[in-house]
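Heads up, the thing below is written out as structure tokens.
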């Protein structure tokens, strides 16, 4: 089937298993739920929902979203601390526009989400990466850096991090906020995987709950992975003082709110319970896929010297290659074996011996084939050395 | 009725006639057409339209949009020279992000769209304004400026300009492109009113057609005023060399295309002819409202010393006040008389004796009441002096 709507063609397993793809599987896209929600929305009689929309998102939608998040987080969310965005990347762009100048320094984790690093580059920001440990950012290394440099903001993926799957501990969340006040920088927490922890996992609260003085934390969320990417809808959870310069900016004074019609469709999905139903199913489905990927890694890759950490949620497993195997060198051999991945160096310079595997797109049988091919590729590369 | 979806409450005529409002009247929002188009879109069976979308907008939509624009412009539009945006302001933000650094100089017309000036400020750009004449930008003044300063881009509203209603002549369009090559700057043409010229008006082609070397011109269009603002959908028409850095940027690599679901709804509206039907009706309706506003101005304001130019389309009439009347001083008296407008100084410093009247939102009876109140306010202010 030729590509019609998508960003790019994802190959079928007989051509290649592309473990780079950080997208939901088409089987995970809730077409029927979206149809039902859209039909409800477009049955409304007030033409004003087609007008320039309320800038932070119309109040009733923010109330519904706050209710949904309050239930999921198990902690209160104030609708007036929500601002509707068109997703995490749109949100990052807005923060970069309104809070930074070209040349400003931002910090990110090492490794970090590789496209966030590219977005900072697009905005002409300088980015330094700070090493992370099993429980998140190395706070000693961070404070050493803060003594020398003055970043405008720090970008973190606190829960089920991309690419490591690691989660910032509660102690480190508190410490990070303390440092943000001491050294005066913003924390931008990409919490896109927060609601995608596996069933039974109860990690720390999202970052805003550790900022009791309410001055420093933007939490950036998205419907892309809990409902559907094409909706282009997400949210900030942030104190009113940080939302104000966004609400007051020229772009929104001109254009009104972001995606008000899609907000209405998602509003119906929240009110009808379809959002919650899809999210619960998605968490289970991702867990099943992750367990299967880890089983395949244990079976085909651990015996040849690989290791991996078990993520608490999200989309990814970070694989450590056998000593001496460099992921960028492996890639050519892997592609010849009809399997692909994202090399660790995309995320940070210290990760040449790692690669990232996504378990969201392919089904169990395809994952099995892909990991076998990867094992073959590693053996071929080792044999050549 | 309390505000539910909108950016702000527009008063009813008994409270105030707010001629500042540059929005379609609720009576001009095609709720039924959008419903029909959405029902067609959501009946589709391919779940991939809910995936991360094609970055420039999916090809079939760009082909449909190119066909529609080709017919409306009477000149060919290449689908590969289109990029789907979320409207003019989103488009301006993207250009500012990818083509400018903080502190760069941009040029705009004097007077110019006041919120574009605010957007440049949000992006930390310095903006100088260049005077315009009846047929658009004063090219002598522009070249004098270009000899001294090095702008990254020039922002223009070439057709039915906001706020003057003036249209850049064909000769000046050619000259502007010549200067863009000679002094190496981008032209960003906000053509939001190009399709909203009144019935029978045939102005010059949009700006891209004068850039035969295809290196310098972004044309920025929008569905906000030809279909509905809340769709948050617009387009760039630009050469591939200028679209490439946008298509390749980190934000879109991460998020995919802008608003793919809404693109699908508008696609159905184009294919079914509802977009064309609504546009044709809208042009006639705006013309009727404009004629009525001008008749009221002739009846109530010209006799007391005001004058105005007849626009060829768009949403606005720029009113010149009697000598010695300053629009910011008039505003307080006007508000006391239950009428409001946007003072000329919002658009440029030379326009203190002008104000902008929008004819898009209120119906004929309300326009009549509003202009009578404005006449009273002018007389009261003159009597006080």
- Query: Hey, does the range A:171-188 have a residue that's within 13 Å of the chain's Cα centre (by Cα) and crowded, with 24+ Cβ neighbours inside 10 Å?
  - Reply: yes
- Residue match in the range B:270-293 (condition: free of Cβ contacts under 8 Å to residues at least 60 places away in the same chain, over 19 Å from residue B:40 (Cβ atoms) and buried (at least 16 other Cβ atoms within 10 Å of the Cβ)): no
- Query: If you check residue A:65 against the conditions, is it touching a residue at least 12 places away in the same chain (Cβ under 8 Å) and more than 10 Å from chain B (Cβ to nearest Cβ)?
  - Reply: yes
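So, in the range B:20-37, of the ones that are outside any loop (DSSP other than H, G, I, E, B) and facing chain A (nearest Cβ under 7 Å), which residue ends up farthest from residue B:362 (Cα to Cα)? Step through it out loud before you land on a result.
Residues of the range B:20-37 that are outside any loop (DSSP other than H, G, I, E, B), as a first pass: B:26-28, B:31-37.
Within this subset, residues satisfying the condition of being facing chain A (nearest Cβ under 7 Å) are B:26, B:31, B:34-35.
Numbers: B:26: 9, B:31: 18, B:34: 22, B:35: 24 Å.
Once the filter is applied, the top-ranked residue is B:35.
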- Message: It is to be established whether one or more residues within the range A:149-171 are farther than 29 Å from residue A:317 by Cβ and free of Cβ contacts under 8 Å to residues at least 12 places away in the same chain.
- Response: no
- Checked the range A:51-67 for anything surrounded by 23 or more Cβ atoms within 10 Å (Cβ to Cβ) and more than 20 Å from residue A:244 (Cβ to Cβ); matches are A:51
- Note on the structure: Within the range A:38-58, the count of residues that are more than 9 Å from every other protein chain (Cβ to nearest Cβ) and not in a loop (DSSP other than H, G, I, E, B) comes to 1
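Filtering the range B:1-18 down to residues that are in a loop (DSSP other than H, G, I, E, B) and touching a helix residue (DSSP H, G or I) at 6+ places or on another chain (Cβ under 6 Å), which residue is modelled with the lowest pLDDT?
Quick first cut of the range B:1-18, residues in a loop (DSSP other than H, G, I, E, B) only: B:1-5, B:7-16.
Add one more test, that the residue is touching a helix residue (DSSP H, G or I) at 6+ places or on another chain (Cβ under 6 Å), and what stays is B:5, B:13.
On the way: B:5: 87, B:13: 92.
By that ranking, first place goes to B:5.
Which helices (runs of 4 or more DSSP H) does the range B:188-292 wholly contain that include 1 or more residues that are away from every other protein chain (no Cβ under 11 Å) and touching a strand residue (DSSP E or B) at 6+ places or on another chain (Cβ under 9 Å)? Working first, answer last.
Values: elements: B:240-247, B:250-255, B:260-271.
Qualifying helices (runs of 4 or more DSSP H): B:240-247.
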- Task: Find the residue count for the range B:298-328, including only residues that are in contact (Cβ under 8 Å) with a residue 24 or more places away in the chain, part of a helix (DSSP H, G or I) and either crowded, with 21+ Cβ neighbours inside 10 Å or under 27 Å from the mean Cα position of the chain (by Cα) (or both).
- Result: 2
- Item | the range A:119-147: number of residues that are over 22 Å from residue A:88 (Cα atoms) and free of Cβ contacts under 8 Å to residues at least 60 places away in the same chain | 12
- Residue by residue through the range B:135-188, note down the ones that are on the phi > 0 side of the Ramachandran plot and in contact with a helix residue (DSSP H, G or I) (Cβ under 7 Å, 6 or more places away or on another chain). B:136, B:160
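Yes/no per residue for (1) farther than 21 Å from residue B:87 by Cβ; (2) at pLDDT 95 or above; (3) buried (at least 24 other Cβ atoms within 10 Å of the Cβ):
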{"position": "A:214", "(1), (2), (3)": "yes, yes, no"}
{"position": "A:221", "(1), (2), (3)": "yes, yes, yes"}
{"position": "A:238", "(1), (2), (3)": "yes, yes, yes"}
{"position": "A:253", "(1), (2), (3)": "no, no, no"}
{"position": "A:266", "(1), (2), (3)": "no, yes, yes"}
- Subset of the range A:335-361 (residues that are within 20 Å of residue A:375 (Cβ to Cβ) and touching a strand residue (DSSP E or B) at 6+ places or on another chain (Cβ under 6 Å)): A:339, A:340, A:341, A:342, A:343, A:344, A:354, A:355, A:356, A:357, A:358
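Return the residue satisfying two criteria in turn: it lies in the range A:71-107 and is assigned to a helix (DSSP H, G or I) and more than 20 Å from the chain's Cα centre (by Cα), and of such residues it is surrounded by the fewest Cβ atoms within 10 Å (Cβ to Cβ). Show your work before the answer.
Step one: list which residues in the range A:71-107 are assigned to a helix (DSSP H, G or I), which gives A:71-73, A:79-81, A:88-99.
Narrowing the set further to residues that are more than 20 Å from the chain's Cα centre (by Cα) leaves A:71, A:79-81, A:97-99.
Details: A:71: 11, A:79: 18, A:80: 14, A:81: 21, A:97: 19, A:98: 16, A:99: 17.
For the range A:71-107, the residue satisfying everything is A:71.
The values are calculated or read from the model by the stated rules, or taken from the named source; none is laboratory data. Everything numeric in this text was worked out from a predicted model, so none of it was measured. Ideal geometry is used to build each Cβ from the backbone, glycine not excepted, and the neighbour counts take in all protein chains shown.
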